[in-house]
Amino acid sequence: MTPYTIARITNILKGKLLFSDSENQEITSLLTDSRKLANPRTCLFFALQSKRNDGHKYIKELSSKGVRNFVIAENTEEYQIEGNNYIIVKDTLLALQQLAAYHREQFDIPVIGITGSNGKTIVKDWICQLLSPDKNIVSSPKSYNSQIGVPLSVWQMSKENELAVFEAGVSEPNEMIRLQSIIKPTIGIFTNIGQAHDENFLTRSQKIAEKLHLFTHVETLIYSADAADIHSMISSFEAFKNVNRFTWGTKDDVSVKVLSIEKKNNETNLQILYQSGTFNYTIPFVDSASIENSLHCCALLCYLDYSPAIIAERMQKLSPIAMRLELKEGINNCAIINDSYSSDLNSLGIALDFLQHQQRHAKKTLILSDILQSGKLESQLYEEVSEMLVQKGIDSLIGIGEAISRQSKIFPMQKLFYKTTDAFISDFPLSSLNNETILLKGARIFEFERISRLLQRKSHETILEINLNSIEHNLNFFRSLLNSRTKIMAMVKAFSYGTGSAEIAHMLQFNNVDYLTVAYADEGVDLRNAGITLPILVMNPEEQAFNMILKYNLEPEIYSLRLLKTFIEEINTFYRGDKEIAIHIEVDTGMHRLGMNFIDLKEAIQILKNNPYIKLKSVFSHLAASEDPAMDDFTLQQISLFEEISDYAKAELGENILCHILNTAGISRFPNAQFDMVRLGIGLYGISSDPDTQPHLQNVSILKTKISQIRDIESGESVGYNRNWVAQKPSLIAVIPIGYADGLNRRLGNGVGSVLVNGMHAPIIGNICMDMCMIDVTLIDCKETDEVIIFGNSNLVQNMADHMGTIPYEVFTGIPQRVKRIYYHE
């Protein structure tokens, strides 16, 4: 295949080339996110523009890291740096898609395109599992199915591939036609239609029609004829008259008929009728989604003429798909990132990016299995892996497998190799792992889940899951409400509202927030020790902590003249004059909690003029009732007074002073009062008091546990301390290992609160104990070890707060650190 040079890509995109470096520089990778740089010399960065961000802002940073090739938009000359190559186009996203579409045209292999509301990623990955023994397959990494993800996926196609499998997702009308032109599938799979993104479509039919654009030129379309709305629309579309419709379902007029589905002992047996013959296959799952996903795969294998025996053999071996990267606490103060179900170059890159988020430990260790079905020469493959590990700063490699062991000399870092997982478990000294972040990345056949169990710190079964994707989503939603120059100060006080300080701070730092805020100096010290380099504001700077504030480069809030003078005395005692010392002044505009009045501020500014080594970074105030429409007149008075104060401060000390008054509620309700910065707190964690904002936010935390014991209780028998609950009829009672020492408030006992068991509400009965409580599961089909949701997506924390007569803040911050946090990234 002809190499892609800068000159050739310019011609493909019909752009204008400005080059200082060689126009014949070969390009091997595309980059759209500056944080995910892997191959500086041979990558091409597309400076994408959106409501939330502008990729042109990162050209200087990338140039300093060795990137020389950029696709930029017209009229962005101010971002050009001498020594780089620039392809100038009208629309950088469209250019990315055009390049991927051109690349797709170079291949004449079967391409499977998958869309639907749910199941796309699992069906795609299961197809790869089922067909990989026979085909060299290229597929979308993880769930790369967006307007950006699809072109990055298609760019991976190479001459070694015999089959491609790509998924495509849309969130609003007129998106799929672009994705179709990039993927150009020859075989289509429509998984299902659900409620996702309903708000962006007028009707369900409009959403189905939008997704069907992916399949307008396929040779064969696979779907369930039992999905009546999908089947009806496909049957009525003129564009599908000449498309081979290969259907499955329970009706008679389908290509693959489902005769029976039987669930037993954590597996499901399906009986299938195809071409006048019947056969059975079994999958190691019992949930309805997995059954449906397997039937899409079964239909594909039937269409591809696989024998019933092969279908049955391979279906039995289907493995769960790790839809997320999990960050857990490990032994010996280690952090464990578990991605132990797949191993290929693309998913390795994604996992290494997630590893780079984590700066709690200086040392980064990778446990990596052989990479299977790459289509590359073994030496070439592991050369690329080695380069990637060096670029991503891996300090130590533990390789497991015959192939990676043979290539051990390629890797320059500290390293150990084992031929099998059993050999690692038997021979590796676990005590040698200390204070490091460990990424597990293994192909399913290597059973790395066994290693994961060994490395995880043992704790009780109550856990708090934190979805880092949701926090990123919420951050980006609020970013979309801001002016392009408005900075963001993110609140991570009180253990990041109970979600965990260091992990959240690393994610926010990775996502380029401007400031972090803690309540007390020791919280800031912990973040510095965990590798956080962002500016950190301390809102309650106790005088005895001034020396720690100076030592760890923290920035105190100064709310009174007395505190300012005391801080200056501390500085004069320890300060050596080698750097500026940053402070922030709070002014009181009506909250009447902490803060200087206007007169005190004027005196404070004169003091600062006499102490030039102290740098006033910001002036700010707190809104007393920004969430309450009935108090808007008062809020506007506060904003007006603050505007007067901020104008005075800038006139006296310079325009570089940041001014901020808006909190989470204020960001959405008072967009004209953004000033220079806003303070984003509870909104990051998925909660808003504004009913117009809440639907745009995603839930962040799920508090869950498992049933310890189930017992029968006769009518008249009591449960729990003080016999506060007495059964009125024969009942089934479950004990769960969560109590008030885990943050489950005692006010929720005696039928006030409830939890979810297998999707059904189970009331909490009796008094809540310190470490456990009891729930009534009389009407629920459940067993011991079943999962119990205390709060989460289906049992909102707002409901729990309402039952307690409080606010979600109290619920979040009441969960102690003894409850293990698990962080995951989709």
| query | Distance in nm between label sites at Ser50 and Ala624, each 7 Å beyond Cα in the beta-carbon direction? | reply | 4.0 nm
| field | Alpha-carbon spread of region 637-794, three principal axes, descending order, Å | value | 77, 30, 23
| request: Determine the per residue accessible area of region 734-826 with all protein chains present and a 1.4 angstrom probe, expressed in square angstrom. | output: 42 Å²
| field | Under Karplus coefficients 6.51, -1.76 and 1.60, residue-wise ³J(HN,Hα) of region 83-93 in Hz, glycine/proline x | value | x, 10, 9, 10, 9, 9, 10, 6, 9, 5, 5
| query | Using a 1.4 Å probe, what is the accessible area per residue for region 50-141, in Å²? | reply | 41 Å²
| message | So if I take the centroid of the Cα atoms in region 313-371 and the same for region 261-294, what is the distance between those two points in Å? | response | 30 Å
| remark: One can check that the equivalent ellipsoid of the chain, built from the alpha-carbon gyration tensor with semi-axes equal to the square roots of five times its eigenvalues, has lengths in Å, largest first, of 46, 37, 28
| region 719-795 - charge dipole about Cα centre, Lys and Arg +1 at Cβ, Asp and Glu -1, debye rounded to 20 | 360 debye
| remark: To the nearest 0.05, the calculated FRET efficiency linking Lys241 and Glu162 through their beta-carbon distance, R0 being 45 Å, is 0.90
| note | Scattering profile of region 388-483 from the Debye formula, Cα beads only, expressed as log10 I(q)/I(0) at q = 0.12, 0.13, 0.14 Å⁻¹, is -0.58, -0.66, -0.73
| query | Which sequence of Ser452, Ser276 reflects their accessible areas, 1.4 Å probe, from the largest down? | reply | Ser276, Ser452
| field | Projected area averaged over orientations for region 260-341, convex hull of C-alpha atoms, nm² | value | 6.9 nm²
| message | Which residues does the label zone of Asn547 cover in region 502-536, counting backbone N under 20 Å from a point 7 Å along Cα→Cβ? | response | 520-529
| remark: Cα-based Rg/(2.2 N^0.38 Å) for region 526-597, rounded to two decimals, is 1.16
| Cα to Cα, under 12 Å, and not fewer than 8 places away if on the same chain: which aspartates and glutamates meet these conditions relative to Lys14? | Asp91
| remark: The percentage of the accessible area of region 23-155 (probe 1.4 Å, all protein chains present) made up of carbon and sulfur atoms, to the nearest whole number, is 45 percent
| remark: With x for Gly and Pro, the residue-by-residue ³J(HN,Hα) of region 720-726, computed from phi through the Karplus equation 6.51 cos²θ - 1.76 cosθ + 1.60 at θ = phi - 60° and given in whole Hz, is x, 4, 6, 6, 6, 10, 10
| Relative to the present Cα-Cα distance, how much length would full extension add between Asp522 and Ser20 at 0.36 nm per residue of separation? | 175.8 nm
| message | Counting heavy atoms of the protein chains only and a 1.4 Å probe, report the per residue accessible area for region 310-410 as a whole number of Å². | response | 36 Å²
| query | So what is log10(I(q)/I(0)) for region 136-181 at q = 0.22, 0.29, 0.31 1/Å, when the Debye sum runs over its Cα atoms only? | reply | -0.71, -1.05, -1.13
| note | Calculated from DSSP helices alone, with each H run of at least 4 adding -39500 (n - 2.57) and the total divided by the residues of the chain, [θ]222 nm to the nearest 500 comes to -9000 deg cm²/dmol
| Once the whole set of protein chains is in place, how much accessible area is left on Ser158, using a 1.4 Å probe, in Å² to the nearest 10? | 40 Å²
| query | Taking Lys704 as the anchor, which lysines have their alpha carbon closer than 19 Å to its alpha carbon, excluding any fewer than eight residues away along the same chain? | reply | Lys328, Lys458, Lys783, Lys820
| Rounded to the nearest 10 Å², what accessible area does Arg41 show when all protein chains are kept and the probe is 1.4 Å? | 110 Å²
| field | Accessible carbon and sulfur surface of region 621-766 relative to its total accessible area, %, 1.4 Å | value | 47 percent
| message | Tell me the volume per residue, in Å³, of the convex hull enclosing the alpha carbons of region 341-400. | response | 83 Å³
| note | About its Cα centre, the chain carries a charge dipole, from +1 on Lys and Arg Cβ atoms and -1 on Asp and Glu Cβ atoms, whose size in debye to the nearest 20 is 1260 debye
| remark: Descending packing, highest mean Cβ count within 10 Å first, for 218-228, 242-252, 675-685 is 675-685, 218-228, 242-252
| said: P(r) for region 721-826, please, calculated from all Cα pair distances in 5 Å bins and given in %. | reply: 2, 12, 22, 25, 21, 11, 5, 1, 0, 0
| What does the highest-first list of 541-547, 112-118, 392-398 look like by mean Cβ count within 10 Å? | 112-118, 392-398, 541-547
| request: Would you mind checking the pairs Lys364/Lys409; Lys264/Lys706; Lys565/Lys609; Lys90/Lys487 and listing those with alpha carbons more than 24 angstrom apart? | output: Lys90/Lys487
| Rank Tyr515, Tyr520 by accessible area, highest first, at a 1.4 Å probe radius? | Tyr520, Tyr515
| For region 244-382, which whole-number percentage of the solvent-accessible area (1.4 Å probe, protein heavy atoms only) is attributable to carbon and sulfur atoms? | 46 percent
| query | What's the Kirkwood radius of region 6-45 in Å, using all Cα pairs? | reply | 11.0 Å
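The values are calculated or read from the model by the stated rules, or taken from the named source; none is laboratory data. Since the model is a prediction, treat every value here as computed from it, not as a measurement. Quick reminder, even Gly has a Cβ in these numbers, built from the backbone with ideal geometry, and neighbours come from all protein chains shown. SASA here: full protein model, heavy atoms, side chains in, ligands and nucleic acids out. Shrake-Rupley method; radii C 1.70, N 1.55, O 1.52, S 1.80 Å.
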